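Below is one structure, written out as structure tokens; comments come after it.
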Amino acid sequence: MTYPIPAFKITLDDQDITAKFAPGLVNLSLTECRSDNADELTITLSDTDGQLAIPPKGARINVQIGWADSGLVDKGIFTVDEIEHSGAPDVLTLRARTASLIDTFREVREDSYSNTTLGAIIELIAFKQQLMAGVSDALRNIPVKHIDQTRESDAAFLRRLGKKYDAAATVKNDTLIFVPAGRSKTASGQDLPVIQITRQLGDNHRFHSAERDSYSGVRVFWYDEKHGLRRSVVAGLPGNSKRLRTTYADEADARTAALAEWGRIQRGTSSFELSLALGVPALMPQSPVTVMGFKAAIDSMDWLASKVTHSIGDAGFTTRIELETRTEEAEVEREDAVDPDPGITGVIAKWRNAVTKKSGQEIAPLTGEGKHVKPLAGATGNPKTLNHIYASKQAARRAAQGEWEHIVARRDIIKENNAT
């Protein structure tokens, strides 16, 4: 049986040193992260013959990994920021991180941005850091009325922007990348290839799902200065929606906050961790992933890679990945400021059975159970009649009850909006 052979290529300050490093390689570990966390590269080499030179801090390393029979994947440029030599036996360890996230990104700055776009802000930060900018089309033209960077490093400011717009900021190959956190696209808008993982590829796995805090959406309040009212928008569905504490200055900021929080909630409902016996070099944060051979509930989910760790050493080439549920962009609806059903006390839904020819109507709200179900006293006072004719008594009852619950929930929100 032929086993695949791991392969790698290492370039130090534009010089190929693969042949020099390969005989003494103990381990090469690459952790790729989403958001502002830097990608980290650790190379451990045997130096028993004492022939290895210690590279200077700040040296730039390019690493490519893969398999001898299928080629290499370029994982970008890293800057050496930590060197360790220990023994006996003598071992040299190099630790490097994504270039340009080490020094100047930590400098505290004072800046203000007014009447601009999110893309323009990212591009200006990239220019100050002597980087190129890669901003997703979905984020580039978002208007920004005003935002301050007050005694904040660019790294902290990018983290805040990422949280506000549910985006991931990172640096790869001297490019500051800013893309939606829950989307499987490159900064240029290209779809990332879907990677399929079968159970046979894995050593172990861990699936986790938490539904105890399952929300149907996110409700965010904003102040309508023109009419002197507090209003609200909802991302997702209004039923069991999470309410954010902040009341925003305008509807645009409220919509942004609702979308960002709803995206985070959706991605956090389930997680899946996998250790792959045969590494997949193409895997990276944001990669869309499908899995097969696990439980049906796991296989049916759309997954998104959030963290990837590749390792080459005595165990061969392995990959460990952390996945979260992939989300699609939600709709954000402005909620009513005035009750569209004033005075309505109940809802009537009519039904007609095509087989039995029976017909009738159901009303909500109801009280009692079983044979004792009857309309509440006020329900028949001024009811709203639904236009649709339902096919059964049960369907009509569900429709009437659902519409009434929607009316009540809408009135509660209007009351809450107008509370002082």
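The values are calculated or read from the model by the stated rules, or taken from the named source; none is laboratory data. From a predicted model like this one, the values you see are computed outputs, not experimental measurements. For neighbour counting, all protein chains shown are included, and Cβ atoms are generated from backbone atoms with ideal geometry for every residue, glycine included. The area values use the complete protein model at the heavy-atom level, side chains included, leaving out ligands, DNA and RNA. Shrake-Rupley method; radii C 1.70, N 1.55, O 1.52, S 1.80 Å.
Which of the lysines could be linked to Lys145 by a straight reach, that is with a Cα gap under 16 Å, when you skip same-chain ones fewer than 8 residues away?
Lys164
Which percent of the accessible area of the range 295-381 is formed by carbon and sulfur heavy atoms (probe 1.4 angstrom)? List each step's numbers first, then the result.
On the way: 2520 of 5090 Å².
Carbon and sulfur together cover 49 percent of it.
Any idea how far apart Thr356 and Ala59 come out in nm if each label point goes 7 Å out from Cα toward Cβ?
Computed distance between label sites Thr356 and Ala59 equals 8.4 nm.
Could you work out the local net charge near Arg60, counting Lys and Arg as +1, Asp and Glu as -1, over the other residues with Cβ closer than 12 Å to its Cβ?
Computed value for this residue: -2.
Filter the cross-link list Lys242/Lys415; Lys75/Lys163; Lys163/Lys226; Lys75/Lys128 down to pairs whose alpha-carbon distance in this structure exceeds 21 Å. Let's see the in-between values first.
On the way: Lys242/Lys415 17 Å; Lys75/Lys163 26 Å; Lys163/Lys226 29 Å; Lys75/Lys128 24 Å.
Lys75/Lys163; Lys163/Lys226; Lys75/Lys128, as the Cα separations exceed 21 Å there.
Using packing as a proxy for protection, rank 264-273, 201-210 so that the peptide with the highest average count of other Cβ atoms within 10 Å comes first.
Per-residue Cβ counts within 10 Å, averaged per peptide and sorted highest first, yield 264-273, 201-210.
Over the chain, what lengths in whole Å, largest first, do the semi-axes of the equivalent ellipsoid take, defined as the square roots of 5 times the eigenvalues of the alpha-carbon gyration tensor?
In descending order, the three semi-axes are 55, 29, 15 Å.
What does the accessible area per residue of the chain come to in Å², with a 1.4 Å probe and no ligands, DNA or RNA counted?
Numbers: 22330 Å² over 420 residues.
Averaged over the residues of the chain, the accessible area is 53 Å².
Straight-line reach from Lys307: which aspartates and glutamates have a Cα under 16 Å away, not including same-chain ones fewer than 8 places off?
Glu32, Asp36, Asp39, Glu40, Glu273, Glu322, Glu324
On a 0 to 90 degree scale, rounded to 10, what angle separates helix 118-128 from the longest Cα axis of the chain?
It works out to around 20 degrees.
With all protein chains present, how much of the accessible area of the range 90-178 (probe radius 1.4 Å) comes from carbon and sulfur, to the nearest whole percent?
Within the range 90-178, the accessible surface is 50 percent carbon and sulfur.
Could you rank the peptides 151-157, 85-91, 229-235, 245-251 by their average count of other C-beta atoms within 10 Å per residue, with the highest value first?
My ranking of the peptides, most packed first, is 229-235, 151-157, 245-251, 85-91.
Convex hull over the Cα atoms of the range 195-332, averaged projected area in nm²?
If you wrap the Cα atoms of the range 195-332 in a convex hull and average its projections, you get 9.9 nm².
Can you give the accessible area of Lys295 in Å² (nearest 10), computed on protein heavy atoms with a 1.4 Å probe?
In the full protein context, Lys295 sits at about 150 Å².
For the range 103-180, what is the Kirkwood hydrodynamic radius in Å, using each pair of distinct C-alpha atoms? Please list the in-between numbers first.
Numbers: mean 1/r = 0.0810 Å⁻¹.
Answer for the range 103-180: a Kirkwood hydrodynamic radius of 12.3 Å.
Angle check, please: helix 154-165 long axis (alpha carbons) against the longest principal axis of the chain (alpha carbons), in degrees 0 to 90, nearest 10.
30
Pairing the Cα long axis of helix 251-267 with the longest principal axis of the chain, what angle in degrees results, from 0 to 90 and rounded to the nearest 10?
Between the helix axis and the principal axis of the chain, the angle is about 70 degrees.
At 7 Å along the Cα-to-beta-carbon direction for both Lys295 and Asp250, put a label point, then send me their distance in nm to one decimal.
Rounded to a tenth, the inter-label distance reads 4.7 nm.
Sorting check: for 8-18, 160-170, which peptide has the highest mean count of neighbouring beta carbons within 10 Å, and how do the rest follow? Can you show the working numbers first?
Numbers: 8-18: 14.9, 160-170: 20.8.
Top of the packing list down: 160-170, 8-18.
Using Cα positions and a limit of under 27 Å, work out the lysines in reach of Lys357, with same-chain residues fewer than 8 apart set aside.
Within the straight-line limit of under 27 Å, Lys357 reaches these lysines: Lys371, Lys374, Lys384, Lys393.
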